[in-house]
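S.K.: Below you will find the structure I want to go over with you.
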Amino acid sequence: MHGVSFIQDLAVVMIVAGVVTVIFHRLRQPVILGYILAGFIIGPHTPPFPLVANTETIQTLADLGVVFLMFSLGLEFHLRKLQRVGMPAMLTAVFEVLCLLLIGHEIGALFGWTPMERIFLGCILAISSTAIIVTHLRESGLLKGDAGQFITGLLVMEDVAVILMMVLLPGLARTGELPTSEIALTMLQLILFLVGLIVVGLIVVPRLLKYVSRFNSDEMLLVTILALCFGTAMLAAKLEYSVALGAFIIGAIVAESRELGRVTRLMAPIRDLFMAVFFVAIGMMIKPSYLLDHLGPVLVITLLFVPGKMLACSLGAFLTGRDAKTSLVIGANMAQLGEFAFVLAALGQSLGSVGTFLYPVVAAVTVLSAVLRPHLIHRAPDLATWVTGRLPAPVVAWLTVYNRWVLQLGTHRRANPAMKFVRSLTFQIAITVCLIAAAFVAGAFLARYIVAHPQGLPHWLGGAPTVIWMGIVILLLPLYIAVVRKMQALAMLLSEIAVADRELEKRRAHPLRRLLSHTMFLLQLVLLGMITLLASAALLPPWQTLGVLLLIIILLVLGFGKVFNKWYSRGKFALLETLSEPPLTEEASEPPAPLPDLLRDAKLVTVILPQGTAVAGKLISELELRTRFGVSIVAIRRAQENLINPGPDDELREGDQVLLIGDDAHLAEASQCLRSGHRPSSGVVEGSLRL
């Protein structure tokens, strides 16, 4: 009977959500609002009677919805966007987040809310809806423009802010205060966790997905993705982070793989199902009496949030070099609450830090901001023209000079090649050191588990901590060798920059450079040793044992240094390869456009891909045969396997028999492209097809 009751409840949720979603789609409103309204209609607090019998089961499905929601947002994140958005988007995000934190805190104080409720309200108001805003930008054609790219950058930086909030807020809720030392320790632990997970994930996950995709089984790929999603979420939970954080990070890692198109397509139905349940569950928690009792806060928060968010983002964008019109368009688009607001509200409620009233208040503000935002976007250009027209001429001239000065600052910063190389080396050293520290922290966590289960290792090995410490050091030897060499190169480069021949005589400049280089290199080595000791303090063996182990490590470095260096080079190459290959977007994975109507003259040509061809290992979409030659691949024969109507994310391999369709002239060019320089007569079998 319980199973029948669950199916009945789920059927009610899906039916009502489907009807309301269709209505909202016809009204050109975000479907998220439709889901919330559907939950409000069927909720236990809406008269005359509840339509769902077991709300706890729906809430459990909603918890799964949080995981899938955060994973899907991670797929939209793209780690390489952090580099493209640059410093302007980062500074604007910091500015507007701080402004909204202050606004939320003061609104909560106005209504007499507790300090934690004020803090959570400020965090909720600081984060805009990625799903709603990106969807609107894509539909309106603004996503590729300057304003759209800047808005995307702001959303990326707000996603980073959400990660920090989800880590810091639980500690703040437990203790009631967050001292500076605890903030620093929490941030350091978070950085180590993120760096270790992201770097290892970028090396392993894309290759795992590439291997699984070769079986051409959507089922196998989907199960692999779900395993990665829930496995990483569980890892984050074990380390006392939220499951939402783990799901978001693994989604961002998967977004860097070449199989992004297939993953997005496979995950879309599951994501939509559980996201619908998630937002319906939010609507079910809304009590009409709560809305009536808190109508004043809802109206005040909306009237302060919408213009406050718009002005904060607009001012931040203007201060970082955007003109007035673009800045106001950016601010108007960002004035929208969304999915992260509910995630943070759920976090606060689960911690017992906020009252049950916050959920319906957030839902109501989300709906009202969605109603007001389109009008703000429509009137933003006219508002910018009106404001600039009312300003005195000297003020307009000063603002123009300021914008030019900000743009010149960015140009000069990018124009110094020496400092660019210094920044690159410093970044690589920092990442490597973080990986080393993260490995020792993970080893300490493993040692605590083994000590709790003493049958894991015999005591004659020296104890679990000693064995784990030695194993980690051996595994990290490639990183230690590489980071020492990078430190030496950085010291030499900085000494060259600091001491120029034109400033000193040549005979004096060379000794001074050597002194500075050796000094800076020694300081870096000391710092590396201190970080190693601090990170591995829980694992360090006794001093007499440590001396013997260090001797063994030195012998390993002297005997296998080149081998360790090759291992590091392979890992670095794998990481760079992942970041350099453009991932396939969902649009790129769509089926190819249909052929033209000249099918009467179409021909079929089979091209056998020879050994050493340059197209081996590439995806069909990367070749762009349809765009460049007007030719399409209709089938691939590989060994005894026939792949009919392959998709754009299928991979070509050496020895494949590729069946092309097109006209004579274009088929010859496409065949030559596939053979990559081989003679036209090699490996081609022609036959006409009359249609």
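S.K.: Restrict the check to the stretch 44-60 and report whether at least one residue is surrounded by fewer than 18 Cβ atoms within 10 Å (Cβ to Cβ), in the same structural domain as R271 (by TED's automatic domain parsing), part of a helix (DSSP H, G or I) and modelled with pLDDT of 75 or more.
M.R.: Taking every residue of the stretch 44-60 in turn, at least one turns out to be surrounded by fewer than 18 Cβ atoms within 10 Å (Cβ to Cβ), in the same structural domain as R271 (by TED's automatic domain parsing), part of a helix (DSSP H, G or I) and modelled with pLDDT of 75 or more.
S.K.: For the stretch 325-334, state whether one or more residues are surrounded by fewer than 24 Cβ atoms within 10 Å (Cβ to Cβ) and either over 29 Å from D146 (Cβ atoms) or basic (K, R) (or both).
M.R.: For the stretch 325-334, residues surrounded by fewer than 24 Cβ atoms within 10 Å (Cβ to Cβ) and either over 29 Å from D146 (Cβ atoms) or basic (K, R) (or both): present.
S.K.: Identify, from the list L555, L550, L599, the residue that is loosely packed, with under 15 Cβ neighbours inside 10 Å, farther than 30 Å from L202 by Cα, out of contact with any Phe, Trp or Tyr (no Cβ under 9 Å at 6 or more places or on another chain) and at pLDDT 80 or above. Break it down stepwise before answering.
M.R.: On the way: L550 fails: at pLDDT 80 or above; L599 fails: at pLDDT 80 or above.
Result: L555 is the single residue among L555, L550, L599 that is loosely packed, with under 15 Cβ neighbours inside 10 Å, farther than 30 Å from L202 by Cα, out of contact with any Phe, Trp or Tyr (no Cβ under 9 Å at 6 or more places or on another chain) and at pLDDT 80 or above.
S.K.: Tell me which residues, restricted to the stretch 616-626, are closer than 20 Å to R207 by Cβ and surrounded by fewer than 21 Cβ atoms within 10 Å (Cβ to Cβ).
M.R.: If the condition is that a residue be closer than 20 Å to R207 by Cβ and surrounded by fewer than 21 Cβ atoms within 10 Å (Cβ to Cβ), then A616, G617, K618, E622 are the ones that fit.
S.K.: Please work out which one of (1) outside any loop (DSSP other than H, G, I, E, B); (2) polar (S, T, N, Q); (3) modelled with pLDDT of 80 or more is the condition S128 fails and give its number.
M.R.: Looking at each condition in turn, S128 falls short on (1).
S.K.: Take F248 and tell me if it is surrounded by 16 or more Cβ atoms within 10 Å (Cβ to Cβ), part of a helix (DSSP H, G or I), more than 18 Å from the chain's Cα centre (by Cα) and at pLDDT below 85.
M.R.: No: the conditions fail for F248.
S.K.: Inspect the stretch 278-294 for any residue being among the charged types (D, E, K, R), in the same structural domain as V205 (by TED's automatic domain parsing) and buried (at least 20 other Cβ atoms within 10 Å of the Cβ) and give the result as yes or no.
M.R.: Filtering the stretch 278-294 down to residues among the charged types (D, E, K, R) leaves 287, 293.
From the residues that got through so far, the ones that are in the same structural domain as V205 (by TED's automatic domain parsing) too are 287, 293.
When the remaining residues are screened for being buried (at least 20 other Cβ atoms within 10 Å of the Cβ), the result is none.
No: the stretch 278-294 contains no residue that is among the charged types (D, E, K, R), in the same structural domain as V205 (by TED's automatic domain parsing) and buried (at least 20 other Cβ atoms within 10 Å of the Cβ).
S.K.: A further question follows. List the helices (runs of 4 or more DSSP H) inside the stretch 288-362, counting only whole elements, that have at least 2 residues being closer than 20 Å to I119 by Cα.
M.R.: Correct list: 295-319, 339-350.
Here is a yes/no grid of residues against (1) at pLDDT 75 or above; (2) buried (at least 21 other Cβ atoms within 10 Å of the Cβ); (3) outside the structural domain of T432 (by TED's automatic domain parsing):
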site: K144; (1), (2), (3): no, no, yes
site: I151; (1), (2), (3): yes, yes, yes
site: V162; (1), (2), (3): yes, yes, yes
site: M166; (1), (2), (3): yes, yes, yes
site: L178; (1), (2), (3): no, no, yes
site: L202; (1), (2), (3): yes, yes, yes
site: R207; (1), (2), (3): yes, no, yes
site: T224; (1), (2), (3): yes, no, yes
site: M234; (1), (2), (3): yes, no, yes
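S.K.: Within the stretch 189-232, which residues are within 18 Å of L169 (Cα to Cα) and not β-branched (V, I, T)?
M.R.: Going through the stretch 189-232, the residues within 18 Å of L169 (Cα to Cα) turn out to be 189-191, 193-194.
Passing the criteria: Q189, L190, F193, L194.
The values are calculated or read from the model by the stated rules, or taken from the named source; none is laboratory data. A quick note: this is a predicted structure, and the numbers were derived from the prediction, not measured. Backbone-built Cβ (ideal geometry, glycine too); neighbour counts: all protein chains shown.
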